[in-house]
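The values are calculated or read from the model by the stated rules, or taken from the named source; none is laboratory data. Small disclaimer: the values here were computed from a predicted structure and weren't measured. With ideal geometry, Cβ positions are generated from the backbone for all residues, glycine too; neighbour counts draw on all protein chains shown.
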Amino acid sequence: MTDLDSTPPPTPHTSAEGLDAHLVIDHGTFHLDITLTAAPGDVVALLGPNGAGKTTALRALSGLAPLTGGHLRLDGAELDRTPPESRPVGVVFQDYLLFPHLSALDNVAFGPRCHGATKAQARVQAAEWLRRMGLADHARAKPRRLSGGQAQRVALARALATHPRLLLLDEPLAALDARTRLEVRAQLRRHLAEFEAVAVLVTHDPLDAMVLADRLVVIEHGRVVQEGTPADIARHPRTDYIAQLVGLNLYRGQAEGHTVRLDAGPAITTTEDLTGPAFVAFPPSAVTLYRDRPTGSSARNLWHCEVAGLETHGDQIRADLTGELPLAADLTTVAAAELDLHPGAPVWAAVKATQTHAYPA
């Protein structure tokens with residue numbers, strides 16, 4: 001076991017300043033350069049496609065990946081050169097990494113023991129954390145006897161038992177089935193709401209991010225491309241990845257009054273009055289499809305398209321369309337059957353101006 005006394009701990013914080021990080025890491029051909037700030041009590045979710053740099057950022061915060069530039073401060077203390085075991089950081093890994101030979105109680109007690117508590121003191125603290133997690137009756141159970149949701153809560157208790165000032169959660173719900181995920185997500189939201197320090201969550205699931213986080217930070221190619229509240233991100237996506245994440249058709253062009261002339265494609269009529277570079281977005285559910293050109297439609301936007309593909313999307317069918325304007329359209333299975341939709345079928349796609357949303361780029 002690492003000798004924790006060999007390295008002095010970081011300077012104790014004197015005020016609740018939270019996280020102030022500029023993470024710069026050069027790793028071969030990959031370059032990470034992002035800024036993260038959060039106040040105590042904030043839950044920040046890192047989102048992005050595979051290879052965007054989310055895990056690298058998490059490893060940098062934990063101390064497992066050294067910075068090649070920038071800085072890392074937590075509650076005013078410099079952590080850049082502080083080894084992982086001396087940082088006031090708790091981590092919940094995707095597969096939990098519970099010690100298989102230890103009971104749930106001793107798994108949770110491990111952290112306090114490493115921080116100098118006696119075995120008896122650590123077990124008392126661990127028992128209290130298991131009680132908070134609703135796992136008092138499973139204290140003696142080994143990890144193999146726990147369900148996925150129970151193991152997740154033991155891992156969270158183990159991370160919180162050391163009273164971290166920064167909690168890192170790496171895809172904490174990814175290993176759960178859909179039914180368990182719903183229940184544990186609600187429990188995790190409650191525990192994070194009670195957490196008084198900073199929490200940083202990495203996830204691929206937009207619902208996890210929207211439910212659990214106060215603020216989203218979207219990373220692509222090692223850079224922050226957008227950040228804001230879940231509602232703001234969902235309402236104003238600025239990249240194709242974010243638009244797909246929140247389920248919107250997104251286009252960029254030049255706005256002239258109520259018209260946005262797309263950089264590649266036709267113009268879209270909107271209700272907003274803008275001038276200059278702009279985004280315009282609308283949900284797939286706003287698209288109405290016709291096999292013949294409609295004559296009585298009040299929609300201001302009409303495009304001739306072709307069905308490129310069809311897939312089940314929840315209780316609806318999502319049509320992937322190419323042609324004048326590539327887009328996604330949602331419709332019921334009954335409507336898809338009545339329209340006789342199939343790959344290669346020609347269709348007309350209509351969207352009302354009132355169902356679009358334009359905003360400055």
**OP:** Just give me the residues in segment 212-230 being surrounded by 18 or more Cβ atoms within 10 Å (Cβ to Cβ) and outside any strand (DSSP E or B), in sequence order.
**Re:** Leu212, Ala213, Gly222, Pro230
**OP:** State whether one or more residues within segment 231-246 are assigned to a strand (DSSP E or B) and either under 20 Å from Leu36 (Cα atoms) or without any contact (Cβ under 8 Å) to a residue 24 or more places away in the chain (or both).
**Re:** no
Subject >> Positions within segment 29-41 being within 18 Å of Ala60 (Cβ to Cβ) and not hydrophobic (A, V, I, L, M, F, W, C), in sequence order >> reply: Thr29, His31, Asp33, Thr35, Thr37
Original post:
So is Tyr241 aromatic (Phe, Trp, Tyr), surrounded by 15 or more Cβ atoms within 10 Å (Cβ to Cβ) and under 16 Å from the mean Cα position of the chain (by Cα) or not?
Top reply: yes
Original post:
Any residue in segment 49-70 that is assigned to a strand (DSSP E or B) and more than 25 Å from Val211 (Cα to Cα)?
Top reply: yes
Original post:
Looking only at segment 330-361, which residues are farther than 17 Å from Glu306 by Cβ, of a type in the set (A, V, I, L, M) and either surrounded by fewer than 17 Cβ atoms within 10 Å (Cβ to Cβ) or over 33 Å from the mean Cα position of the chain (by Cα) (or both)?
Top reply: Val334, Ala335, Ala337, Ala361
Original post:
Which members of segment 63-101 meet the condition of being closer than 25 Å to Ala175 by Cβ and free of Cβ contacts under 8 Å to residues at least 24 places away in the same chain?
Top reply: Leu64, Pro84
Original post:
Is one or more of the residues making up segment 72-80 more than 22 Å from Ala136 (Cα to Cα), among the small types (Gly, Ala, Ser), assigned to a loop (DSSP other than H, G, I, E, B) and under 24 Å from the mean Cα position of the chain (by Cα)?
Top reply: no
Subject >> Extreme residue, modelled with the highest pLDDT, among residues of segment 1-38 that are surrounded by 14 or more Cβ atoms within 10 Å (Cβ to Cβ) and part of a loop (DSSP other than H, G, I, E, B) >> reply: Gly18
Original post:
Within segment 105-121, how many residues are over 15 Å from Gly90 (Cβ atoms) and assigned to a helix (DSSP H, G or I)?
Top reply: 5
**OP:** Could you pull out the residue among Ala104, Ala141 that is more than 13 Å from Thr162 (Cα to Cα), in contact with a Ser or Thr (Cβ under 7 Å, 6 or more places away or on another chain) and either in contact (Cβ under 8 Å) with a residue 24 or more places away in the chain or surrounded by 20 or more Cβ atoms within 10 Å (Cβ to Cβ) (or both)?
**Re:** Ala141
